[in-house]
Amino acid sequence: MSNEVRNVLIVGVGGQGIILAADVLSNVLVSAEYDVKMAEIHGMSQRGGSVNTMVRFGNKVYSPVVEKGQADYMLAFEKLEALRWSDYLKPGATIIMNDETLSPLPVLLGKAEYPGDIEEQIIAKGINLITVNATAMAEESGSPRAANIVLLGCLASLMPLGKDVWHAAIERRVPPRTVEINKSAFEIGFAYISERATADEALI
Amino acid sequence: MKVLLSGNEAIAYGAYAAGVKIASGYPGTPSTEILETLAKYDEIDSSWAPNEKVALEVGIGASLGGARTIVTMKHVGLNVAADPLFTLAYTGVNGGLVIVNADDPSMHSSQNEQDNRHYAKSAKVPMLEPSDSQEAAWLVDEGLKISERFDIPVILRTTTRINHSKSLVDVDIERAESSREYEKDVQKYVMIPAHARQRRSNLEQRLEALAEFSEEFPGNRVEWGSRSIGFIADGVSYQYVKEVFPEASVLKITMVHPLPKRMISDFVEQIEKVIVVEELDPFIEDQLKAWGLPVVGKRLIQGIGELNPETIRAGVMGDADASASLAAADDIPGRPPMMCAGCPHRGVFYILKKMKLMVAGDIGCYTLGVTPPLEAMDTCFCMGASIGNAMGFQKATGRKDVVAVIGDSTFMHSGITPLIDVVYNKGIATVIILDNRTTAMTGRQDHPGTGKTLKGDAGVEVDIEKLVRALGVASVQVVDPYDLKASRAAITEEIAKDEPSVIIFRRACVLAEKVTGEPLMVIDECDSCKACMQLGCPALSWEADRARIEPSQCIGCDVCGQVCKAGAIVKHEQADQGAGI
Ligand SMILES: Cc1ncc(C[n+]2csc(CCOP(=O)(O)OP(=O)(O)O)c2C)c(N)n1
């Protein structure tokens, strides 16, 4: 194991299941015997605020918070939040972004505009952007609420850890009734990115 | 086995493992989950007190009774509990007593960011500060032992980053058994001046012994590295320093009061340049300078808000540009928190705004009534302040259109005594109690008004109506805040009176009861007047020339339906009927 510390950001809006996704991810990393730290700010988050969770792993992790420009991956549950936190990514890092827009209060009130060029702005920063319709994919698995686990499945396909540790972590962390739905949501996300990657290679 | 625990979960586990028997506290971000986690252990009697002063007083009683005890609160809670704390240092304890105090630098969920390390010094009690979850768990045990050995309460001070960050904790420790006998000792526990004077000088002896202990305490330690630059850091700042300057020597401070003077002097002597890295005030730095040690701190490290690796790097490197660019704002629309769709507070603030009243506010979800578009609040200081503020303002201005707005949990916490003042001193302010049957802001805890305990047992509910009548308020109404007409009538009627009055707006929090109802919809009658947009409901948005209701969000409270003069907001079935005509 190298000494390098890797950083993942999971961002979105309160109520989207971000904390659970971060929880499953950190559990996977713990079972893979990394040192892990996870920072989250909650409090006002339940009232529709912006939520951001940072997961760091490596041989030895000190700071629980990620520095700007240091994140390797971001899972974004909502597009505006992807843009808001995109400064935290390294050049060349990857954002997996749910194709979902949730208007914040200033936009609902007509006092601000929801940016129409989020994809372009992110790509202009030299970030590798993968947009996923996680909600629709979650519906396939049996519940639109499993969008968080679909996104996690997408991330998993980019990380060098076996699928079984992810399944085991899902079993431990999600409510028992929803284990099967969540496992299938995970598979759908995982397959989506793997297939996409093969398609990309085929193009080259 | 090692598992990932938040600082709060680790503190709860540490308390369990250390044999804590009694736990009390009052909710407050970021401390709340400690007691919520402790409540799951059958061996521990844990409970929500109505406020932090009561929680500490319960804790003192438990300690005197011989139990290991923990009391939890957020930083401002210690202001409320300060009165017993200062005298508790004199009396000391019997069973170990640890007070967990959670500071909130950057005010993620607080009205100020006071640095509570000052309490340790002014109340003359030891204070411990963890840097991660493992240490948080360990320090509960250490704190209880220190408390018993030195006969003194111990404050365990955390910050939001410690409470809400997760890291690995060893959970294989077996629960310790500990209990002591109570021995009546009036010289020690009855603080009349004659006894207090003796305890006052005894306290100095205990502090001297603690200062000696601080030198040996394994939590305070030097990690030697380069001798050209060295850091002294406490709490989460220690982690940031290790992250940014892995080569440097670091003196980690875990007992921040009393500080280990010899250890620090020795460290400073051996290092060319020593920088103190601490969040908020120059607490450690000032003490070191008073001892004549050549250190720098706040000249380089910001004193406002949380630190992070970037601000520390920029400060130490003297890179002002870097710190400025960190603070630079961008033009991405913000996402401020807002009242939920169907929140029973919304209609009341809509009416208060329409009536243009002076609104003395208080702390809770309803403080969101200050944000656009409702903007119906004039003040917010601390829990319980609204009623006294309204009383003083009304007396100073002679205005009658003054109301205090306070939540049910806040009323139980510190709203009763100021209401007594209104009655006693002939105030005429109208007090509005927003009774949503829960402590919503901090994640829906029960309180004396709901009767349900932290352990989940049903008990006696405090009857707010009878209570305020017993205090001498003759004019009391209970109103459903979903009924805008009745709500407005009640407020109009009560502010006109020359006597104290109370309106209880009672309707359960939509989150607490998991309320779902039939969503409403906007039909063609919408005349684009935008009146409904004045409610700031997340289910309502403006699209092109008319309002739209997001069905997955709307719970059908019909507050917008009552605001709509065109009758364009209706239930789905009404819309279907309308289409048939
Ligand atoms: C002294 C103190 N203790 C705790 C808190 C944290 N806190 C903020 S609001 C609140 C209670 C809110 O409950 P309630 O008054 O019922 O209003 P609601 O949020 O339900 O609308 C608490 C515990 C605080 N700000 N100050």
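The values are calculated or read from the model by the stated rules, or taken from the named source; none is laboratory data. Just so we're clear, the structure is a prediction, and the values are computed from it rather than from any experiment. FYI the Cβ positions are ideal-geometry reconstructions off the backbone, even for glycines, and counts take in every protein chain you see. Ligands, DNA and RNA are excluded from the accessible area calculation, which covers all protein heavy atoms including side chains. Shrake-Rupley method; radii C 1.70, N 1.55, O 1.52, S 1.80 Å.
For B:Y13, the solvent-accessible surface computed with a 1.4 Å probe is close to 20 Å², ligands and nucleic acids excluded.
When the C-alpha to C-alpha distance is required to be over 29 Å, the pairs from B:K53/B:K354; A:K79/B:K452; B:K166/B:K242 that qualify are B:K53/B:K354; A:K79/B:K452. The C-alpha radius of gyration of the stretch B:4-65, expressed as a fraction of 2.2 N^0.38 Å, stands at 1.06. With bins 10 Å wide beginning at 0, the percent of Cα pairs of chain B falling in each bin runs 3, 16, 22, 22, 19, 12, 5, 1, 0, 0.
For the stretch A:98-187, the Kirkwood hydrodynamic radius from C-alpha pairs, put into Stokes-Einstein at 20 °C and a viscosity of 1.002 mPa s, yields a diffusion coefficient of 143 µm² per second. Annotation: amide H of B:V478 within the under-5 Å range of B:I504, sequence separation 5 or more or interchain, hydrogens built in the peptide plane. Heavy atoms of chains A and B lose about 4000 Å² of accessible surface on contact, summed over both sides with a 1.4 Å probe. For the residues B:E216, B:E204, B:E543, a 1.4 Å probe over the protein chains yields an accessible-area ranking, largest first, of B:E216, B:E543, B:E204.
Toward the positive end of the charge dipole of the stretch B:345-506, with +1 on the Cβ of Lys and Arg and -1 on the Cβ of Asp and Glu, the farthest Cα among B:M355, B:Y424, B:C382 is that of B:M355.
Across B:E129, B:E310, B:E243, the residue with the most accessible area heads the list, and the full order at a 1.4 Å probe is B:E243, B:E310, B:E129. Summarising the amide proton neighbourhood of B:S47: residues at separation of 5 or more, or on other chains, whose placed amide H is nearer than 5 Å comprise B:A23, B:S24, B:G25. Within the stretch B:143-179, list the residues whose amide N lies under 16 Å from a label point set 7 Å along Cα→Cβ of A:L161. Under 16 Å, as judged by backbone N against the label point of A:L161, lie B:166-169 of the stretch B:143-179.
Can you give me the orientation-averaged projected area of the convex hull built on the Cα atoms of the stretch B:2-216, in nm²?
The directionally averaged projection comes out at 11.2 nm².
About its Cα centre, the protein assembly as shown has a charge dipole of approximately 1840 debye under the convention of +1 per Lys or Arg Cβ and -1 per Asp or Glu Cβ, with nothing else charged.
These residues, B:D378, B:D132, go from largest to smallest accessible area, 1.4 Å probe, as B:D378, B:D132. Surface analysis of the stretch A:6-203 yields an accessible area of 39 Å² per residue, using protein heavy atoms and a 1.4 Å probe.
Taking every Cα-Cα distance in the stretch B:114-189 and sorting them into 10 Å bins from zero, the calculated P(r) comes out as 15, 39, 32, 13, 2 percent. Two numbers describe the Cα atoms of the protein assembly as shown: Rg and Dmax, which are 27.8, 91 Å. Computed about the Cα centre, the dipole magnitude for chain A is approximately 620 debye when only Lys and Arg (+1) and Asp and Glu (-1) carry charge, each at its Cβ.
Each Cα pair under 8 Å and six or more residues apart adds its separation to the average, and for chain B the resulting relative contact order is 11 percent. With contributions of -39500 (n - 2.57) from each DSSP H run of at least four residues, the per-residue ellipticity at 222 nm computed over chain B stands at -11000 deg cm²/dmol. For the stretch B:150-203, the spread of Cα positions along the three principal axes, ordered from largest to smallest, is 49, 28, 14 Å. The HN-Hα couplings worked out from phi for the stretch B:231-237 by the Karplus form 6.51 cos²θ - 1.76 cosθ + 1.60 (θ = phi - 60°) are 10, 10, 8, 10, x, 5, 4 Hz, whole numbers, x standing for Gly and Pro.
Relative contact order, whole percent, for the stretch B:521-574 stands at 45, derived from Cα pairs under 8 Å and 6 or more residues apart. Centroid-to-centroid, using Cα positions, the stretch A:107-178 and the stretch B:366-424 are 43 Å apart.
The magnitude of the dipole of the stretch B:521-574, with charges of +1 and -1 set on the Cβ of Lys/Arg and Asp/Glu and taken from the Cα centre, is near 140 debye. Scanning residues 5 or more positions from B:A81 or on other chains, those with amide H under 5 Å from its amide H are B:K53, with H placed 1.01 Å from N in the peptide plane. Determine, at each q value in 0.13, 0.25 (inverse angstroms), the log₁₀ of I(q)/I(0) that the Debye formula gives when each Cα of the stretch B:493-560 is one equal point scatterer. Relative scattering, expressed as log10 I(q)/I(0), comes to -0.53, -1.10. Using the Karplus relation 6.51 cos²θ - 1.76 cosθ + 1.60 with θ = phi - 60°, the per-residue 3J(HN,Hα) values for the stretch B:145-161 come to 5, 4, 4, 6, 5, 9, 6, 7, x, 10, 9, 9, 9, 10, 10, 3, 5 Hz, with x marking Gly and Pro.
When the inverse distances between all different Cα atoms of chain A are averaged and flipped, the Kirkwood radius reads 17.2 angstrom.
Entry for the stretch B:521-574 at q = 0.12, 0.19 Å⁻¹: log10 I(q)/I(0) = -0.21, -0.54, Debye formula applied to identical alpha-carbon scatterers, no solvent contribution. Counting only Cα atoms, the size of the stretch B:73-170 along its three principal axes is 35, 35, 16 Å, in decreasing order.
Expressed as a whole percent, the accessible area of the stretch B:221-329 that falls on carbon and sulfur atoms is 51 (1.4 Å probe).
3J(HN,Hα) along the stretch B:547-563, derived from phi through the Karplus expression 6.51 cos²θ - 1.76 cosθ + 1.60 where θ = phi - 60°, amounts to 6, 10, 10, 7, x, 6, 9, 5, 10, x, 5, 6, 5, 5, x, 6, 7 Hz, with x in place of Gly and Pro. With all protein chains in place and a 1.4 Å probe, the accessible surface of the stretch A:6-203 carries 51 percent carbon and sulfur. Taking every alpha-carbon pair in the stretch B:345-506 and binning the separations at 10 Å intervals from zero gives 11, 44, 36, 8, 1 percent.
Take every Cα pair under 8 Å whose residues are at least 6 apart in sequence, average their separation, divide by the length of the stretch A:60-134, and the relative contact order is 33 percent. Along the axis of the charge dipole computed for the stretch A:6-203 (Cβ charges of +1 for Lys and Arg, -1 for Asp and Glu, origin at the Cα centre), the listed residues A:L105, A:P64, A:I188 are led at the positive end by A:P64.
For the residue pairs A:K90/B:K74; B:K74/B:K184; A:K111/B:K565, the C-alpha atoms sit more than 26 angstrom apart in A:K90/B:K74; B:K74/B:K184.
Dividing the helix sum by the residues of chain A, where each DSSP H run of 4 or more adds -39500 (n - 2.57), gives a mean residue ellipticity at 222 nm of -13000 deg cm²/dmol.
Toward the positive end of the charge dipole of chain A, with +1 on the Cβ of Lys and Arg and -1 on the Cβ of Asp and Glu, the farthest Cα among A:Y34, A:L80, A:M159 is that of A:Y34. For peptide B:164-177, the mean count of partner chain Cβ atoms within 10 Å of a residue's Cβ comes to 3.
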